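Novice: Dropping the structure in here first, questions after.
The values are calculated or read from the model by the stated rules, or taken from the named source; none is laboratory data. The shown structure was predicted, so the numbers you read here are calculated from the model rather than taken from an experiment. Using ideal geometry, Cβ is built from the backbone for each residue, glycine included, and neighbour counts are taken over all protein chains shown.
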Amino acid sequence: MNSAHDILKEYWGYNSFRPKQEDIINSVVSGKDTLALLPTGGGKSLCFQVPGLILDGLCIVISPLMALMYDQVNNLRKRGIEAYSITSAMQLREIDRVLDNCVYGNVKFLYVSPERLRNELFMERFRKMKVSMIAVDEAHCISQWGYDFRPSYLQIAEIRLLKPDVPVLALTASATKAVVSDIQHRLDFREENVLGNSFARPNLSYNVLQSEGKESRIIDICKRMQGSGIIYCGTRMRTKELASLLSHNGISSDAYHAGMSTQERDFSFQRWMKNEARIICATNAFGMGIDKPDVRFVLHADVPPNPESYFQEAGRAGRDGHKAYAVLLYNEPDILKLQKQVDQKFPSKEFIRKVYRCIGNYLQYAPGAGKDTSNNFDLSEFARKFELPYSDAMYAIQILELAGYLTLSETAFIPSRLCFEVNRQDLYSYQVANASMDDFIKVILRTYTGTFEQYANIREDELARNAKLTLKQTLEKLALLHHHHIIDFQPKSDHSKITLLTGRVDERNILLPEEVYELRKKSETDRLHAITRYLEKKQCRSVQLLEYFGERNTKPCNQCDVCRESNKHGIAPQDFERINQAVMDTVIKGAYTVEEYPSQIPNLPRESLIEYIRWKIANGELALNNLMQVVMPGME
């Protein structure tokens, strides 16, 4: 058995692990259930990929993100490691072949969504697989106290009953103390075992700026910042508007959101990865699993809905360990907008049931039909056809997904795939009988290996070039071979897929559990209050985030906006919030000139206090009335 260091060097070319990676790997290899807490960029995937290669058997990786599964499988295969994924974009025949390879072949990794664990075909083959470990990515999704709770994750504990001796490795980049405890409980850990790093990012400077004119502030920040950046936006339209604004001001930038075509997204992404576009303006789905270490800043043009989302997104800056900045812009309307979004995310139960009925009609399924079948699904077309508000329909579908009635896959590029359905002898007979197809079949065999045993990802343009055919001729020949059952050919897909997890039920029988609706709404509201406190509280930003995730006795970072201002005024960072509160209490109590403040707060150094108040006035957090007295903005 190769050691962890041997495998790391052989497959990834690294000489040493990052902090805590080796401890996590050794824990899993020794058979212990393990919860790994590593911040974004901490190298979570190696924590299950290395032990998956050390241990004898197959590592099952449970992940909620189709695009991330596809990327990781591709990267493993490039390293000569046998890996597969099963997604809703695949046909039953292809899934059946992958599962057979996992039972009888030398496959080391199988990536599946948590919803797949309910599938009878999967469960039947899972019993026969020699499973070495189960890795649960984004493990916070299993906890109802987490920000992204998904009931389908609860199935993981049930499959453990079939393989009780197989260790589980749960991984997450953001979890509060309550979530850490809940993950271990819901995954049936044999004993508590939490390993990981502090969530502190010493190279990352957190900054919160209150700004009414965000656009001009964004332009100014992007001009002053050096290197590659991400701007997170709350809507798709906002990504396009900001990318256009920055480009107009001489700052190379592109937009990226799920509403763009695959080609458009890939073009924007590749330009940014190659630094041809310095900045990418994206919605919050962008960045998960993206390996770009040299991002120098992440700017939030809109306030994220909770501290967990903010921490993960901001953490995509400075993954190379060098100095980086996270900047969050906000104004009062942002807070009101977030409060409305929480209400919008939970449409009435009657509306949710109506959406389910409309989906059944859209897919034309009779009652009881459609179980485990996947169909292309265009949410915009669906909403128009049934005259449903787009956003309300989207949130209703998310709740139906959480309640276990269906899944809606993210739009992700799934390449064309083919596999021979006949053995070599029958293929030879077909080539003899169909001379016009002989050369084309030989080109397929030369271009792609292993196509008798497994599906190969193919590029039609590459095949056309090698066969000296036009693209149209190539597609026609592939279709003919498919029609003759010589190959199974699955053209590339750029559609969202909707899958009914049960046969169509009467909408009156749709049950929405408390943890999916009422408790989730309360949890979202609590997290909204937490991100609001983060914006408004004058305490070291890093300390606030670390305390939110349960770390105590943390020290001020001395580089966030709060620490820099406190040091400028000669105030210790840990005292900054207390002084800020004293000033704000005095403003509410009465109107005083700046010079009168030291007598109202006598226990503070006079010059530092006066300078601090003047700074708040200059920053727009306080104002002066016509008597030159300090008041709240808008009360002058």
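Novice: Pull up segment 582-607, narrow it to residues that are outside any helix (DSSP H, G or I) and hydrophobic (A, V, I, L, M, F, W, C), then point me to the one that is surrounded by the most Cβ atoms within 10 Å (Cβ to Cβ).
Specialist: As a first pass, look at segment 582-607 and keep what is outside any helix (DSSP H, G or I): 590-593, 601-605.
From what's left, hydrophobic (A, V, I, L, M, F, W, C): 591, 601, 604.
Working: 591: 15, 601: 15, 604: 21.
My answer is 604.
Novice: Further question: Give, as residue ranges, the helices (runs of 4 or more DSSP H) completely inside segment 1-73 that count at least 3 residues that are touching a Cys at 6+ places or on another chain (Cβ under 8 Å). Lay out the reasoning, then the answer.
Specialist: Working: elements: 4-7, 21-29, 46-54.
Ranges flagged: 21-29, 46-54.
Novice: In addition: Tally the residues that are within 18 Å of residue 501 (Cα to Cα) and at pLDDT 90 or above, restricting the search to segment 70-93.
Specialist: Looking only at segment 70-93, we keep the residues that are within 18 Å of residue 501 (Cα to Cα), and these are 86-92.
Retained after the next criterion (residues that are at pLDDT 90 or above): 86.
Final tally of qualifying residues: 1.
Novice: Please enumerate the residues belonging to segment 241-268 that are over 18 Å from residue 301 (Cα atoms) and either assigned to a helix (DSSP H, G or I) or not assigned by TED's automatic domain parsing to the domain that holds residue 284 (or both).
Specialist: 262, 263, 264, 265, 266, 267, 268 - these are the residues of segment 241-268 that are over 18 Å from residue 301 (Cα atoms) and either assigned to a helix (DSSP H, G or I) or not assigned by TED's automatic domain parsing to the domain that holds residue 284 (or both).
Novice: Here's another thing I want to ask about it. Report, by residue number, each residue of segment 545-573 that is among the aliphatic types (A, V, I, L, M) and within 33 Å of the chain's Cα centre (by Cα). Spell out the reasoning first.
Specialist: Filtering segment 545-573 for residues among the aliphatic types (A, V, I, L, M) gives 545-546, 562, 571-572.
Once the filter is applied, which keeps residues that are among the aliphatic types (A, V, I, L, M) and within 33 Å of the chain's Cα centre (by Cα), segment 545-573 yields 545, 546, 562.
Let's see how each residue does on (1) touching a residue at least 40 places away in the same chain (Cβ under 8 Å); (2) not small (Gly, Ala, Ser):
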site: 258; (1), (2): yes, no
site: 269; (1), (2): no, yes
site: 276; (1), (2): no, yes
site: 283; (1), (2): yes, yes
site: 291; (1), (2): no, yes
site: 305; (1), (2): yes, yes
site: 313; (1), (2): yes, yes
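Novice: In segment 201-225, which residues are under 30 Å from residue 20 (Cα atoms) and surrounded by 17 or more Cβ atoms within 10 Å (Cβ to Cβ)?
Specialist: Once the filter is applied, which keeps residues that are under 30 Å from residue 20 (Cα atoms) and surrounded by 17 or more Cβ atoms within 10 Å (Cβ to Cβ), segment 201-225 yields 201, 204, 205, 206, 207.
Novice: Test residue 215 against the stated conditions and say whether it is assigned by TED's automatic domain parsing to the domain that holds residue 301 and not in a loop (DSSP other than H, G, I, E, B). Walk me through it before giving the result.
Specialist: On the way: assigned by TED's automatic domain parsing to the domain that holds residue 301: yes; not in a loop (DSSP other than H, G, I, E, B): yes.
Judged against the criteria, residue 215 is a match.
Novice: Next up: I'm told residue 319 meets every condition in (1) modelled with pLDDT of 90 or more; (2) under 22 Å from residue 253 (Cβ atoms) except one. Can you identify the failing condition by its number?
Specialist: The one condition residue 319 does not meet is (1).
Novice: Checking residue 610 against (1) under 39 Å from the mean Cα position of the chain (by Cα); (2) buried (at least 16 other Cβ atoms within 10 Å of the Cβ), which single condition isn't satisfied?
Specialist: Residue 610 satisfies every listed condition except (1).
Novice: Take the residues in segment 498-508 that are out of contact with any strand residue (DSSP E or B) (no Cβ under 9 Å at 6 or more places or on another chain) and exposed (fewer than 15 other Cβ atoms within 10 Å of the Cβ); name whichever of them is nearest to residue 370 (Cα to Cα).
Specialist: 506
Novice: Moving to a separate point now. From the list 174, 228, which one is crowded, with 16+ Cβ neighbours inside 10 Å, in contact with a strand residue (DSSP E or B) (Cβ under 6 Å, 6 or more places away or on another chain) and either of a type outside the set (D, E, K, R) or assigned by TED's automatic domain parsing to the domain that holds residue 62 (or both)? Before you say what the answer is, go through the steps one by one.
Specialist: Numbers: 174 fails: in contact with a strand residue (DSSP E or B) (Cβ under 6 Å, 6 or more places away or on another chain).
Among 174, 228, only 228 is crowded, with 16+ Cβ neighbours inside 10 Å, in contact with a strand residue (DSSP E or B) (Cβ under 6 Å, 6 or more places away or on another chain) and either of a type outside the set (D, E, K, R) or assigned by TED's automatic domain parsing to the domain that holds residue 62 (or both).
Novice: Considering each of 253, 244, 198 in turn, give the residue that is exposed (fewer than 15 other Cβ atoms within 10 Å of the Cβ) and either aliphatic (A, V, I, L, M) or farther than 30 Å from residue 150 by Cα (or both). Full working, then the answer.
Specialist: Working: 253 fails: exposed (fewer than 15 other Cβ atoms within 10 Å of the Cβ); 198 fails: either aliphatic (A, V, I, L, M) or farther than 30 Å from residue 150 by Cα (or both).
Exactly one of 253, 244, 198 is exposed (fewer than 15 other Cβ atoms within 10 Å of the Cβ) and either aliphatic (A, V, I, L, M) or farther than 30 Å from residue 150 by Cα (or both), namely 244.
Novice: Do we have any residue at all in segment 545-566 that's modelled with pLDDT under 90, surrounded by 20 or more Cβ atoms within 10 Å (Cβ to Cβ), under 30 Å from residue 527 (Cα atoms) and not basic (Lys, Arg)?
Specialist: yes
Novice: Would it be correct to say that residue 52 is small (Gly, Ala, Ser) and at pLDDT 95 or above?
Specialist: Spelling it out, residue 52 is indeed small (Gly, Ala, Ser) and at pLDDT 95 or above.
Novice: What are the residue pairs meeting all of these: first residue in segment 7-25, first residue within 19 Å of residue 170 (Cβ to Cβ), second residue of a type in the set (Gly, Ala, Ser) and part of a helix (DSSP H, G or I), Cβ atoms under 7 Å, and 6 or more apart or on different chains?
Specialist: 22/4; 25/4
Novice: Which one is nearest to residue 371 (Cα to Cα) among residues in segment 405-426 that are at pLDDT below 90, hydrophobic (A, V, I, L, M, F, W, C) and in a strand (DSSP E or B)?
Specialist: 408
Novice: Further, regarding this structure: Quick one: is residue 52 touching a residue at least 12 places away in the same chain (Cβ under 8 Å), on the phi > 0 side of the Ramachandran plot and surrounded by 15 or more Cβ atoms within 10 Å (Cβ to Cβ)? Full working, then the answer.
Specialist: Values: touching a residue at least 12 places away in the same chain (Cβ under 8 Å): yes; on the phi > 0 side of the Ramachandran plot: no; surrounded by 15 or more Cβ atoms within 10 Å (Cβ to Cβ): yes.
Here the answer is no, as residue 52 does not meet what is asked.
Novice: Between 511, 445, 463, 528, which is exposed (fewer than 13 other Cβ atoms within 10 Å of the Cβ) and farther than 20 Å from residue 92 by Cβ? It would help to see each step written out before you state the result.
Specialist: Details: 445 fails: exposed (fewer than 13 other Cβ atoms within 10 Å of the Cβ); 463 fails: exposed (fewer than 13 other Cβ atoms within 10 Å of the Cβ); 528 fails: exposed (fewer than 13 other Cβ atoms within 10 Å of the Cβ).
From the options 511, 445, 463, 528, the qualifying one is 511.
Novice: Return the pairs, sorted by first residue and then second, in which the second residue is part of a loop (DSSP other than H, G, I, E, B), the first residue lies in segment 89-109 and is closer than 10 Å to residue 129 by Cβ, the beta carbons are less than 7 Å apart, and the residues are 6+ apart or on different chains.
Specialist: Short answer, once both residue conditions are applied: 102/129; 103/128; 103/129; 107/82.
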